[in-house]
Amino acid sequence: MANIREIQSRINSVKDTMKITNAMYMISSSKMTQAKKKLADTEPYFYGLQGEISRILRHLPELKHRFFDQREKIPKEERKIGSIVITADKGLAGAYNHNIVKVEEEILAKPGVHKLFVVGELGRHYFSKRGVEIDTNFRYTVQKPTMHRARDISGAIVDQYLDGELDEVYVVYTRMENSVQADAEVMKLLPLERADFNVMKMPLNMYREEIDLYPSAEHVMDRIVPNYVNGMIYGALVEAYASEHNARMMAMKSATDSAESLIKELSIVYNRARQAAITQEITEVCAGARAQQRK
Amino acid sequence: METFGLKIIASDRVFYEGRCLSLVIPAPDGEKGILPRHENMVIAIDVGIARMELKEGEWTEVAVGTGFAEVVNNRVTLLVDTAERPEEIDIRRAQEQRERAEEQMRQKQSIQEYYHTQASLARAMNRLRLAQDKKWNL
């Protein structure tokens with residue numbers, strides 16, 4: 001059996017670690033609540049934009065716009081594919097980062113010229129070692145997502161897309177299904193696809209209200225689409241932030257739980273060792289006393 | 001007097017929802033007014049100042065960012081990236097924003113950065129204009 005002092009110091013070290021994991025658990029849970037609130041605040045705007053695009057598409061089925069251009073002429077091998085990968089800045093979040101990396105690896109395995117835009121320190125480390133092209137000017141943190149940062153990111157992406165430096169853009173992020181389930185997911189950002197805006201099929205004989213686009217359809221689309229892309233990126237950032245903290249919360253909770261059970265086990269061992277020491281001492285005293293009597 | 005339903009949605013909140021008598025918004029080629037029973041329309045909005053008449057003769061001014069307004073069946077929805085009342089604007093912050101943008105404008109930038117700064121400068125100047133007009137009116 002281990003020595004009493006050793007067990008004592010082990011218990012203390014586990015207790016210290018437990019303090020840290022417990023604190024991280026509480027921090028993550030408060031950050032997650034904030035992130036969820038933020039997401040709820042921006043939802044009406046985002047759904048409004050989506051609804052408007054679908055309305056315009058419904059009224060102008062023949063509308064050609066550069067954001068809807070699929071660029072089919074470019075062969076598969078030469079397509080420039082950009083991915084915005086959203087990971088965490090640090091680990092300690094269970095399989096959160098690992099899942100994102102795995103999904104991105106699947107994209108990288110497909111034909112095409114790949115370019116990565118990594119948000120988050122951990123992903124940047126991983127992919128720089130792997131030797132894929134990473135946009136080096138793209139240095140953003142995932143902490144506290146703001147509209148401003150989303151605007152910066154979407155500005156850079158939309159620009160490269162319009163210049164023909166990118167033909168397809170994906171976002172790889174973690175979506176929160178509910179508080180226990182979160183999945184790493186790929187979302188196609190550009191070019192936009194008509195099918196995404198479930199265009200309603202309307203009977204031919206129905207009267208449709210006519211909508212004037214002022215000053216022109218292009219003008220209006222130019223206002224809507226960049227904002228829509230912006231909203232999608234913001235949504236992805238916030239959702240990823242919320243899932244990161246959810247993952248960290250769960251990881252820290254199970255760490256705290258296992259620390260607790262470890263302490264419980266160790267304290268039993270400790271008590272036994274202490275009891276054994278006492279018993280031995282008594283036996284020794286008794287034996288000594290008896291030896292004295294015999295004399 | 002006749003009214004129409006107005007909903008102003010900014011990117012971070014629902015700014016206003018209720019009835020309105022008339023509305024003036026900054027379109028790319030000048031201001032555009034909307035009265036009740038307006039024709040169905042989608043109008044692009046530039047950075048500028050929108051005015052809404054909520055009660056007769058009472059105009060409220062709002063600094064708006066880029067976006068668009070949708071008029072359908074006597075309902076108007078404004079979707080803009082920012083919307084602020086004059087009293088919500090922090091003049092000092094807006095001034096700092098303007099100075100920062102002006103500073104960046106003087107430096108060599110890529111075209112993308114230039115547009116970015118230009119947009120930021122436009123937002124700052126718009127905020128200042130609304131906030132300072134308000135100050136003189138007091």
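Readers should treat all values here as calculations from the given coordinates under stated rules, not as data from a laboratory. It should be emphasised that the depicted structure is a prediction, and the values quoted were computed from it without experimental measurement. No Cβ is skipped: glycine too gets one built from the backbone with ideal geometry, and neighbour counts run over all protein chains shown.
Here the gap between A:LEU262 and A:GLN293, fully extended at 0.36 nm per residue and compared with their Cα-Cα distance, gives a gain of 6.5 nm. Modelled this way, with points 7 Å down the Cα-to-C-beta line, the labels at A:SER9 and B:MET125 are 7.0 nm from one another. The string of couplings for the range B:37-42 from the Karplus curve (6.51, -1.76, 1.60, θ = phi - 60°) is 6, 6, 4, 4, 6, 10 Hz, one whole number per residue in order, with x for Gly and Pro. Subtracting the Cα-Cα distance of B:GLU96 and B:ASN73 from their residue separation scaled by 0.36 nm leaves 4.1 nm.
In this label model, A:SER179 and A:ALA95 are separated by 2.2 nm, measuring between points 7 Å along each Cα→Cβ vector.
Taking other C-beta atoms within 10 angstrom as a stand-in for reagent exposure, B:GLU88, B:GLU58, A:GLU72, A:GLU185 fall in the order A:GLU72, B:GLU58, B:GLU88, A:GLU185, fewest first.
Spin-label model, A:GLU193/A:ASN137: points 7 Å from Cα along the beta carbon direction are separated by 3.0 nm.
For B:VAL42, nonlocal amide neighbours, meaning residues 5 or more places apart or on other chains whose placed amide H falls under 5 Å from its own, are A:ASP212, A:LEU213, A:TYR214, B:VAL71.
Apply the Kirkwood formula to the protein assembly as shown: the hydrodynamic radius equals the inverse of the mean of 1/r over all pairs of different alpha-carbon atoms; give it in Å with one decimal. Don't skip to the end; give the middle numbers.
Numbers: mean 1/r = 0.0388 Å⁻¹.
After inverting the mean inverse Cα-Cα distance, the result is 25.7 Å.
Amide H of A:ARG79: which non-local residues (sequence gap of 5 or more, or other chain) have their own amide H closer than 5 Å, using H built in the peptide plane? Counting only residues 5 or more places away or on other chains, the set is A:VAL113.
On full extension, the segment bounded by A:ALA40 and A:GLU284 gains 80.7 nm, given 0.36 nm per residue less the C-alpha separation. Would any residue of the range A:143-175 have its amide N under 11 Å from a label point 7 Å out along Cα→Cβ of B:GLU88? List them or say none. Hits in the range A:143-175 for B:GLU88 at 11 Å: none.
Among DSSP beta bridges whose residues both lie in the protein assembly as shown, state the antiparallel percentage, nearest 5.
65
Computed about its Cα centre, the charge dipole of the protein assembly as shown is approximately 2240 debye, with only Lys, Arg, Asp and Glu carrying charge at their Cβ. If you take the Cα centroid of the range A:242-295 and the Cα centroid of the range A:123-190, the two points sit 50 Å apart. Could you tell me which of the pairs A:LYS188/B:LYS108; A:LYS73/A:LYS110; A:LYS36/A:LYS253; A:LYS36/A:LYS144; A:LYS36/A:LYS115; B:LYS7/B:LYS55 are separated by over 23 angstrom between their Cα atoms in the structure shown? In this structure, A:LYS188/B:LYS108; A:LYS36/A:LYS115 exceed 23 Å between Cα atoms.
Amide H to amide H, with H built 1.01 Å from N, B:ALA27 comes under 5 Å of B:LYS32, B:ASP46, counting only residues 5 or more places away or on other chains. Considering all C-alpha pairs of chain B, those separated by over 19 Å amount to 53%.
Hey, can you list the DSSP H helices of chain A whose Cα span along the axis is 27 Å or longer and whose average Kyte-Doolittle score is at least 0.5? Walk me through the intermediate numbers first.
Values: long enough: A:4-59 (80 Å, -0.55); A:217-294 (114 Å, -0.18).
Helices meeting the criterion: none.
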